[in-house]
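Colleague: First, the structure itself, so that you have it in front of you.
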Amino acid sequence: MRLSDLSSGLMKFLTYFFCFILFGSSSAADWPTWRGPNSDGKLSEGGAAFPVEWSPQKNLKWRVELPEPGNSSPIVVGERIFLTLGKEKGASCCLLCFNTKDGSLRWEKEVNYGKVDLTHQTNPYCSASPVSDGERVYAWYGNAGLFAYDLDGKELWKSDLGTDYAHIWGSNAGSPVIHGDAVIISAGPGLAMRLFAVNRQTGATIWQKDLPDAASQKADQFKGSWATPLIIKHENRSQILLGLPGSLRSFDPATGAEIWRCGGLGDLCYTNVMTDQSRAVYLCGYGGPGIAMRLPQAAEAGDLTATHRIWADDGKSRNRQRIGSGQIIDDHLYLVEEPGGMICLDLTTGRKVWEERLGRKSWSSMNLIGDKLYVNDQSGTSFVIKPDRSGLKLLQQNPVDPNQHTNSTPAFSNGLIIQRTDAYLYGFGS
């Protein structure tokens, strides 16, 4: 073997090794979790590959019918799209795998739960999105359990994380996330509220953190968190951030121990925590309050409300229902509230810079793809927006088929936008 060949082979190995360390076994072009590769709805590069304009008549690659409605969002691993939905009023929990090239169904795995849990008509069963580590895909069905499959649909393990989750608006809406060797689950809301780390290879529980103060006394109490955990690394300290009734909290991913909390939240938490390099923001739903805080240094712990909270509002005079998560760009937060208005907040003060009507009601979260914001309303119409603190800069409005409804958030992978409505799964691309 020539020295040049050996050197070339070594360089290829090192390139693959460091890419594996940085991104895991899934491709950097994948959308392996709800809200994308980093669970924050951001793709900083490759934005030009995605269309700005689409419809059933333009840039539609494929469209397939779905057997049941659902609020969960699609994820993408390679040429596979994964999606959860419930059948028979949730007595059957399903994970479906589609082909990115033509939308054809690769496989479907059904869990016969056999019971009908509480939920609301606006929140169909199996509302938690799946997650993948590039080798396995995990589906969280609440009382029916957590299930792991290989990418070809072979069941690898299942884990019972409790059967006492109950809320009249539905439980298990928080999607699982991956951290190291663990699947992190926010289990609830309702009569029980827990945080879990589960070994992603075996399904064994690594730790369990009970959150009794975040649970409700009755299944019909207006209290709970439907939020998905956000894992960040700040000041060389990894932590799980989660909005819970009463406070924004941080937990140690290795042990589940609480690190810090910042008070000022209400009883209803739907959005993800939104962060930049130095701050965290949480906005409650149903007219509830909002807070912004300075992210603490590595040695800071405990109740940080008095020392780290930047601002707080009571929500009574200016806040509407917030379900979808937004995007922080520089010193401003862009968010679509449930009634369909888009707002821009000044993060240094919490004051509303502007508010403009965008579309119909919306539960979907906002993605920042390249330098453009993408968000859809409940009709499935998507809006492409240039972020601008001076006012709404709408670049394009993109409808789907008539009479559609969705509470899902699209996935973005390899130039393809995958959008779910209650009736269809769409693939749009240039």
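The values are calculated or read from the model by the stated rules, or taken from the named source; none is laboratory data. In this text the structure is predicted, and so the values were computed from the model without any measurement. Here Cβ is always computed from backbone atoms with ideal geometry, including for glycine, and neighbour counts include all displayed protein chains. Heads up: the accessible areas ignore ligands, DNA and RNA and are worked out on the full protein's heavy atoms, side chains in. Shrake-Rupley method; radii C 1.70, N 1.55, O 1.52, S 1.80 Å.
Colleague: Can you say whether LEU268 is open to solvent by 10 Å² or more (accessible area, probe 1.4 Å) and among the aliphatic types (A, V, I, L, M), as far as the supplied structure shows?
Modeller: Here the answer is yes, as LEU268 does meet what is asked.
Colleague: Report every pair of residues separated by at least 6 positions or lying on different chains whose Cβ atoms are under 8 Å apart, first residue within the stretch 174-189 and modelled with pLDDT under 95, second assigned to a strand (DSSP E or B) and β-branched (Val, Ile, Thr).
Modeller: Correct list of pairs: empty, since none qualify.
Each row is one residue, and each column tells you yes or no for (1) within 17 Å of the chain's Cα centre (by Cα); (2) part of a strand (DSSP E or B); (3) closer than 24 Å to ILE343 by Cα.
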residue: PHE222; (1), (2), (3): no, no, no
residue: ILE231; (1), (2), (3): yes, yes, no
residue: ILE240; (1), (2), (3): yes, yes, no
residue: GLY243; (1), (2), (3): yes, yes, yes
residue: PRO253; (1), (2), (3): no, no, no
residue: GLY256; (1), (2), (3): no, no, no
residue: GLY285; (1), (2), (3): yes, no, yes
residue: GLY288; (1), (2), (3): no, no, yes
residue: MET293; (1), (2), (3): no, yes, yes
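Colleague: Follow-up question, since we're still on this one. Inside the stretch 214-224, can you point out the residues that are open to solvent by 70 Å² or more (accessible area, probe 1.4 Å) and free of Cβ contacts under 8 Å to residues at least 60 places away in the same chain?
Modeller: GLN217, LYS218, ASP220
Colleague: Filtering the stretch 135-169 down to residues that are touching a strand residue (DSSP E or B) at 6+ places or on another chain (Cβ under 9 Å) and of a type in the set (Gly, Ala, Ser), which residue is farthest from LEU118 (Cα to Cα)?
Modeller: GLY153
Colleague: Of all the residues that make up the stretch 362-376, how many are open to solvent by 10 Å² or more (accessible area, probe 1.4 Å) and touching a Lys or Arg at 6+ places or on another chain (Cβ under 8 Å)?
Modeller: The number of residues fulfilling the criteria is 3.
Colleague: Look at the stretch 394-408 and say how many of its residues are assigned to a loop (DSSP other than H, G, I, E, B) and either under 20 Å from the mean Cα position of the chain (by Cα) or on the phi < 0 side of the Ramachandran plot (or both).
Modeller: 9
Colleague: Taking the condition surrounded by 22 or more Cβ atoms within 10 Å (Cβ to Cβ), out of contact with any Leu (no Cβ under 6 Å at 6 or more places or on another chain) and over 22 Å from GLY380 (Cβ atoms), does LEU345 pass?
Modeller: No, not satisfied.
Colleague: Related question: Given GLY427, GLY359, GLY391, GLY380, which one is farther than 17 Å from PRO69 by Cβ, in a loop (DSSP other than H, G, I, E, B) and open to solvent by less than 10 Å² (accessible area, probe 1.4 Å)?
Modeller: GLY391
Colleague: Are any residues in the stretch 69-89 in contact with a Cys (Cβ under 8 Å, 6 or more places away or on another chain), farther than 21 Å from ASP152 by Cα and in contact (Cβ under 8 Å) with a residue 40 or more places away in the chain, and if so, which ones?
Modeller: Across the stretch 69-89, the qualifying residue is only GLY70.
Colleague: Taking ALA166 as the residue in question, decide whether it is in a loop (DSSP other than H, G, I, E, B), at pLDDT 95 or above and either closer than 15 Å to PRO253 by Cα or touching a Leu at 6+ places or on another chain (Cβ under 6 Å) (or both).
Modeller: So ALA166 passes the test.
Colleague: Further question: Please find, within the stretch 286-340, the residue that is farthest from ASP40 (Cα to Cα) out of those that are among the small types (Gly, Ala, Ser), open to solvent by 10 Å² or more (accessible area, probe 1.4 Å) and modelled with pLDDT of 95 or more.
Modeller: Restricting to residues being among the small types (Gly, Ala, Ser), open to solvent by 10 Å² or more (accessible area, probe 1.4 Å) and modelled with pLDDT of 95 or more, the top hit is ALA306.
Colleague: When you check ASP388 against the structure, is it over 22 Å from the mean Cα position of the chain (by Cα) and either basic (Lys, Arg) or more than 25 Å from ALA411 (Cβ to Cβ) (or both), yes or no?
Modeller: Taking the combined requirement at face value, the residue satisfies it.
Colleague: If you don't mind, another one. Given the criteria of a type in the set (S, T, N, Q) and in contact with an Asp or Glu (Cβ under 6 Å, 6 or more places away or on another chain), does GLN327 qualify?
Modeller: So GLN327 does not fit the description; no.
Colleague: Looking at the stretch 351-369, I want the residues that are among the basic types (Lys, Arg) and have a partner that is at pLDDT 95 or above and in a strand (DSSP E or B) with Cβ atoms under 9 Å, at least 6 apart or on another chain. Which pairs are those?
Modeller: ARG351/TRP311; ARG351/LEU345; LYS352/ILE343; LYS352/CYS344; LYS352/LEU345; LYS352/ASP346; ARG357/GLY341; ARG357/MET342
Colleague: Output the residues belonging to the stretch 394-414 that are open to solvent by 10 Å² or more (accessible area, probe 1.4 Å) and over 19 Å from TYR334 (Cβ atoms).
Modeller: If the condition is that a residue be open to solvent by 10 Å² or more (accessible area, probe 1.4 Å) and over 19 Å from TYR334 (Cβ atoms), then PRO399, VAL400, ASP401, PRO402, ASN403, GLN404, HIS405, ASN407, ASN414 are the ones that fit.
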